[in-house]
Amino acid sequence: MTSVMMRPIMNVGDLAGEIERFPEEDLAPIVRSVLNDDSAVVTPNWTATPLGSPSNGNGALGLWRGVWEACVGRSRAEWAAIAKGLDREAPYLTGTNQHAWRELEAFQSGALSSINTGLKAVPLFGITEQPNGRNWLWLRDLSDGIAPPWNKPQFQITARHIGQFNGLWPQSNRPEGSWISTDGTTDKRTAMDDLWTSAFALLREKSDHEFVARFASQVSLDRILSFFDDLQLLNGATRDLPKSVAHNDCHARNLFPWQDSKGRDITYAIDWASVGLVAIGVDGGAFVGGSMTWATPEAETVAEAEQAIFDECLSGLIDSGWSGERTHVRLAYISAVASYANQMVYMSSSLVSGTSRARRAAARIGVTVDEAVDQVASRMAMFAPLVDEGLSLAA
């Protein structure tokens, strides 16, 4: 592992230069796949733009949107693709087993392209392996998809697709390969325990801070501080429930509503670095819980439509041929929602800290730090009844 730890940290400029130097023979099969034309020839004219800030996922180097020109016969055609840089030898930097090598092997296995449900993996045009050990995934550009915040019908459509996918590969009939975690280490419900423990401790320590009384204006501070133990109980109650292959990072920023060539609704999912076996229902709970931590319109829409969204997840499971206990799915689903209640406590501790963490927490909601305090209080009131329901199911 010593040589891995010594690998140089790449910056945006370095990676942009690497993309610029891709030889024509590397790009040719990609452009032909994008254009579905074996005669297409790449021309030198292109641009590559980084998408957002560099990724901090283990081994994920970042995303670029590339726009190229190609000659097809006597015509010129413009084509676009997303280039995702992966370093499979990068060290693990967080407590989760999420890593670029898992996503790379998931695509290489061919299993992702075989998914025949409403939720599908983002289409892959090809993989370019570099001499330096890095790999580049060339993925469909989904920038024309429906971006959050979605309306209630869109949340319901996507929820049904999630359920269909979660019923596709039960534990007893899953694809082969180490890219599917089977030991729970990619389960986001437990991956952040250390971080959450620190957040709860800080909130207790700062209980006399002016923000804390506002956090607890709708749900008591004692109730908020019990969320951590509640999540541990819920996770324990789901340990022996039926499992299936889950995306395990199934929030709306990783999902892109689309329509296929026949006008049918589908959902493309990106970021397959956490895929693994978990209790059936976790992906749906992450979908709901994650949206309850973002900007106000999205959080309120999801909170109001929560039961309808869950019902669609369940309907999607039934579509796939699943037949099991509804209460088992509901319990697993709420356990995932509860992990985001813990994330709200982490956001609370960030706001109390008064550092750059506070600004980042407020930016997630899209408001000022002071406004974020009251927003967090309203989110606590959204989460608490669901956590209470989960505890009653686990009893």
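The values are calculated or read from the model by the stated rules, or taken from the named source; none is laboratory data. Owing to the predicted nature of the structure, the values given are computational and were not obtained by experimental measurement. We place every Cβ from the backbone using ideal geometry, glycine too, and count neighbours over all the protein chains shown.
Which residue out of L391, L331, L386 is touching a Ser or Thr at 6+ places or on another chain (Cβ under 9 Å) and not charged (D, E, K, R)? Walk me through how you get there before you give the answer.
Numbers: L391 fails: touching a Ser or Thr at 6+ places or on another chain (Cβ under 9 Å); L386 fails: touching a Ser or Thr at 6+ places or on another chain (Cβ under 9 Å).
L331 is the lone residue from the list that is touching a Ser or Thr at 6+ places or on another chain (Cβ under 9 Å) and not charged (D, E, K, R).
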(request) Could you list all residues from the stretch 107-135 that are under 21 Å from R32 (Cα atoms) and assigned to a loop (DSSP other than H, G, I, E, B)? (result) G110, V122, P123, Q130
(request) Quick one: in the stretch 201-224, of everything that is of a type in the set (A, V, I, L, M) and closer than 13 Å to V376 by Cα, which residue is surrounded by the most Cβ atoms within 10 Å (Cβ to Cβ)? (result) I224
(request) Only residues in the stretch 61-81 that are free of Cβ contacts under 8 Å to residues at least 24 places away in the same chain count as the first member; pair them with residues that are in a strand (DSSP E or B), Cβ under 6 angstrom, at least 6 apart or cross-chain, and list the lot. (result) L63/I82; L63/K84; V67/T47; V67/A80; E78/E69
(request) Read through the list (1) touching an Asp or Glu at 6+ places or on another chain (Cβ under 7 Å); (2) small (G, A, S); (3) more than 21 Å from L124 (Cα to Cα), then give the number of the only condition that A201 fails. (result) (1)
(message) Considering only residues that are of a type outside the set (D, E, K, R) and more than 20 Å from the chain's Cα centre (by Cα), which ones fall in the stretch 363-382?
(response) V367, T368, V369, A372, V373, Q375, V376, A377, S378, M380, A381, M382
(message) Taking the conditions exactly as written (over 22 Å from H247 (Cβ atoms), touching a helix residue (DSSP H, G or I) at 6+ places or on another chain (Cβ under 7 Å) and of a type in the set (G, A, S)), does A199 satisfy them or not?
(response) yes
(message) Please go through the stretch 167-182 and give me each residue that is small (G, A, S) and either free of Cβ contacts under 8 Å to residues at least 24 places away in the same chain or surrounded by fewer than 16 Cβ atoms within 10 Å (Cβ to Cβ) (or both), ordered by number.
(response) S172, G177, S178
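Scan R32, R74, R102, R88 and give me the residue that is under 28 Å from R264 (Cα atoms) and of a type in the set (K, R).
Numbers: R74 fails: under 28 Å from R264 (Cα atoms); R102 fails: under 28 Å from R264 (Cα atoms); R88 fails: under 28 Å from R264 (Cα atoms).
Result: R32 is the single residue among R32, R74, R102, R88 that is under 28 Å from R264 (Cα atoms) and of a type in the set (K, R).
Just to be sure, is A77 within 30 Å of T47 (Cα to Cα), part of a loop (DSSP other than H, G, I, E, B) and not assigned by TED's automatic domain parsing to the domain that holds R253?
Values: within 30 Å of T47 (Cα to Cα): yes; part of a loop (DSSP other than H, G, I, E, B): no; not assigned by TED's automatic domain parsing to the domain that holds R253: yes.
Considered against the rule, which asks whether it is within 30 Å of T47 (Cα to Cα), part of a loop (DSSP other than H, G, I, E, B) and not assigned by TED's automatic domain parsing to the domain that holds R253, A77 comes out as no.
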(request) Could you list, in sequence order, all residues of the stretch 274-330 that are part of a helix (DSSP H, G or I), more than 16 Å from L255 (Cα to Cα) and of a type in the set (F, W, Y)? (result) F310
(request) Read through the list (1) in contact with a Lys or Arg (Cβ under 8 Å, 6 or more places away or on another chain); (2) over 24 Å from L168 (Cβ atoms); (3) among the charged types (D, E, K, R), then give the number of the only condition that R357 fails. (result) (1)
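Can you spot a residue in the stretch 250-271 that is assigned to a helix (DSSP H, G or I) and under 20 Å from M382 (Cα atoms)? I'd like the intermediate steps shown before the answer.
First pass over the stretch 250-271, keeping only residues assigned to a helix (DSSP H, G or I): 252-254.
Retained after the next criterion (residues that are under 20 Å from M382 (Cα atoms)): 252.
Scanning the stretch 250-271, I find at least one residue that is assigned to a helix (DSSP H, G or I) and under 20 Å from M382 (Cα atoms), so the answer is yes.
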(request) All but one of (1) of a type in the set (A, V, I, L, M, F, W, C); (2) out of contact with any Gly (no Cβ under 8 Å at 6 or more places or on another chain); (3) modelled with pLDDT under 95; (4) more than 30 Å from W169 (Cα to Cα) hold for M380, so report the exception by its number. (result) (3)
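Got a number for residues in the stretch 152-166 being surrounded by fewer than 22 Cβ atoms within 10 Å (Cβ to Cβ) and in contact (Cβ under 8 Å) with a residue 40 or more places away in the chain? Before you say what the answer is, go through the steps one by one.
Within the stretch 152-166, the first condition is being surrounded by fewer than 22 Cβ atoms within 10 Å (Cβ to Cβ), and the residues that meet it are 152-154, 156-157.
Keeping just the survivors that are in contact (Cβ under 8 Å) with a residue 40 or more places away in the chain gives 152, 154, 156-157.
Matching residues across the stretch 152-166 total 4.
Could you grab me the full set of residues in the stretch 86-116 that are more than 17 Å from the chain's Cα centre (by Cα) and either outside the structural domain of G62 (by TED's automatic domain parsing) or buried (at least 20 other Cβ atoms within 10 Å of the Cβ) (or both)? Spell out how you get there, then give the answer.
The initial filter retains those residues of the stretch 86-116 that are more than 17 Å from the chain's Cα centre (by Cα), namely 87-93, 105, 108-111, 113-116.
Those that are more than 17 Å from the chain's Cα centre (by Cα) and either outside the structural domain of G62 (by TED's automatic domain parsing) or buried (at least 20 other Cβ atoms within 10 Å of the Cβ) (or both): D87, A90, A111.
Look at L386 and say whether it is among the hydrophobic types (A, V, I, L, M, F, W, C), more than 21 Å from the chain's Cα centre (by Cα) and closer than 21 Å to R239 by Cα.
Details: among the hydrophobic types (A, V, I, L, M, F, W, C): yes; more than 21 Å from the chain's Cα centre (by Cα): yes; closer than 21 Å to R239 by Cα: yes.
So L386 passes the test.
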(message) Would you confirm, using the coordinates I've provided, whether A308 is within 23 Å of T197 (Cα to Cα) and out of contact with any Pro (no Cβ under 7 Å at 6 or more places or on another chain)?
(response) no
(request) Working only within the stretch 149-200, note down all residues that are polar (S, T, N, Q) and in a loop (DSSP other than H, G, I, E, B). (result) N151, S178, T182, T185, T186
